[in-house]
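The values are calculated or read from the model by the stated rules, or taken from the named source; none is laboratory data. These figures come from a predicted structure and were not determined experimentally. So basically every Cβ, Gly included, is an ideal-geometry build from the backbone, and we count neighbours across all protein chains shown. Each accessible area value is taken on the protein alone, full model and side chains, heavy atoms only, with ligands, DNA and RNA left out. Shrake-Rupley method; radii C 1.70, N 1.55, O 1.52, S 1.80 Å.
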Amino acid sequence: VRVEISETKSDPSPPDPHFPPSIGDGAMFSQTLSTVNAMACLSPACAAPKQTPARKVGVTRRNARAAPSRLVTRAVAEAATEEELNAAARPVYPFSAIIGQEEMKFAAIMNIIDPNIGGIMVMGDRGTGKSTTVRALIDLLPLVDVVKDDPYMSSPTDPNLMAPEVLAAFRAGTPLVTVRKPINMVDLPLGATEDRVCGTIDIEKALTEGTKAFEPGLLAKANRGILYVDEVNLLDDHLVDVLLDSAASGWNTVEREGISICHPARFILIGSGNPEEGELRPQLLDRFGMHAQIKTVKLPEERVKVVEERTAFDASPREFRKKYEVEQSEIIAKLDAARELLPSVEVPMEIRLKISQVCSELDVDGLRGDLVTTRAARAAAAYRGATVVTDEDVYSVITLCLRHRLRKDPMASIDEGTKVVEVFSTVFGYDEEEE
């Protein structure tokens, strides 16, 4: 291959418009150009240089391309690190400072105490702070033991919450290095692709090492954490199917590009949306353990207070959070005590029978309503510091647990929640006491 270059200091060659040298490292580009000039002078072409401007091709352009490639890779890594630092330093609105939204806050607390309840579906008017309340839960989430440097947030003691590699090491008796980390809260955007959600082949390792490797997706990151879907009623059907499979089984199975892997994906599913923008598929709606309804604040005094609090937070987030440190600490301490007390909470058989009778009279399909109501009642009892579930505990959660499981009746004259309360009062004998 003949490389012909003719360049003088007085008449420099024009840069290539398709690949300017400024993209890469200028010093590296100049050094490479000098090397090529020296090699070109050893050939006969050096004695009779061309009069036309030189073309920087071959070795020079390939070497110049290598530098930007390394720079781009390093820049991407630095950007990812900076994004993680910014996310960690970004203050969120304090949970204790939220005004109203009692249903949603109570449902969130119940799910933090017992993640087996199955998540929350929040429906309400736009602009009522649904996303703000969900993201405020970050401060309340507990620390958990995870295997160090494991992308699946694997548990060091529970085989059902271990990734395949960690499970193999656990069975082989290999000591696992553990760290304590806060539970992850992962946002699932509406524009996410299926391979980003489930995971796909690691292209970087495939190109650099020539090996097949799996790159975990959002479901792996959300394991043992919270998966939040804003505007869940607008989510694409194929992503809804993925969430249904993972929420039902607690595992994510990936079969693509010659890769077969199954990893745990147990998460608290939280969705929010505006009912005016569309209904949620019944299959997905049933997967949510609790259903909370949010309404716009009507009292002028409360509306003014919400605006003032939000304005103060936007002006100085850190100073605003300091005002609620005591309230936040009290809530966290109460949640920690409730989680420790939960295993010892008992549900009397009489109350279990009445819960099932309510579900039967409401014509609830399946047994998920019975399970969720019982679990939520135990969490409510633990939250108030009791070890035995009472009628009041069931009353506080049964509407949230059964409202969205009733069959839709277009001719109904009352709300589903009101219907649940009426049947509860009849079964538990409160109607007779009032008479």
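Some points to look at:
- Full extension of the chain between S316 and V388 gives 21.5 nm of extra length, using 0.36 nm per residue less the Cα-Cα distance.
- Here the gap between D187 and S249, fully extended at 0.36 nm per residue and compared with their Cα-Cα distance, gives a gain of 20.3 nm.
- Accessible surface of segment 287-408, 1.4 Å probe, proportion on carbon and sulfur as whole %: 54
- Rg to Rh, two decimals, where segment 279-435 supplies the alpha carbon set and Rh follows Kirkwood: 1.05
- Accessible surface computed residue by residue for segment 299-367, with neighbouring protein chains in place and a 1.4 Å probe, gives 69 Å² per residue.
- Computed FRET value (nearest 0.05) for R352 with L143, which takes r as the C-beta separation and R₀ as 22 Å: 0.10
- Sequence-distant contacts, meaning Cα pairs under 8 Å at least 6 residues apart, place the relative contact order of segment 231-389 at 18 percent.
- Quarter of Cα convex hull surface for segment 271-350, i.e. mean projection, nm²: 10.1
- Calculated accessible area for segment 117-173 comes out at 43 Å² per residue, all protein chains present (probe 1.4 Å; ligands, DNA, RNA ignored).
- Taken over segment 298-345, the ratio of Cα radius of gyration to 2.2 N^0.38 Å equals 1.67.
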